[in-house]
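Here, each number is a calculation from the coordinates, and none is a lab measurement. Model, not experiment: these values are computed from the prediction. Quick reminder, even Gly has a Cβ in these numbers, built from the backbone with ideal geometry, and neighbours come from all protein chains shown.
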Amino acid sequence: MLSLWRRIRAAGRVAEPAPPHPAGPAPGRAAELGGSVQLRHVDAGSCNGCEVEIASAFGPVYDAERYGARLVASPRHADALLVTGPVTRNMQVALRRTYEALPQPRLVVALGDCARNCGVFAGGYGVVGAVADVVPVDVQVPGCPPPPEAIVAALRGLTGR
């Protein structure tokens, strides 16, 4: 174990260096966030596939926090909403109220195909519609579920890092 510690200290780094920025500088309103973004995650009715990928994106391998993105527990502390799943009847009012609780400037990220266009749940009895049908969406991340790399790339676009 001591030899592992010596190798880490000799290398000077534990994490991998950041890949080149995929999206360039932060667009429009995202530039007002100043290089970091606090996210409030809202599950509007997903199958939890996207939640597994979010956990992976914020885990030790992809480490989205090193690019200035952080999950917070309250919408009042957040700059953006990270919404997964199609919006169900039970979550329509809750999503709208959560959006209204965010301070300005506020952004919404629709994560996954279900959040973008209802995916396989389109036309379902309990489904009101996509996230954009309830609140304005600024960033869309495609995939069912989107890989952690795509989630981190979208968040890097928000932070500009």
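Placing +1 on the Cβ of every Lys and Arg and -1 on the Cβ of every Asp and Glu, with no other charges, gives region 39-159 a dipole of roughly 340 debye about its Cα centre.
Taking packing as the residue-averaged number of other Cβ atoms within 10 angstrom, the listed peptides 133-139, 52-58 run from highest to lowest as 52-58, 133-139. Each residue of region 143-159 is assigned a 3J(HN,Hα), and the resulting list reads x, 9, x, x, x, x, 4, 5, 5, 5, 5, 5, 5, 5, x, 6, 7 Hz, derived from the Karplus form 6.51 cos²θ - 1.76 cosθ + 1.60 (θ = phi - 60°), x at Gly and Pro.
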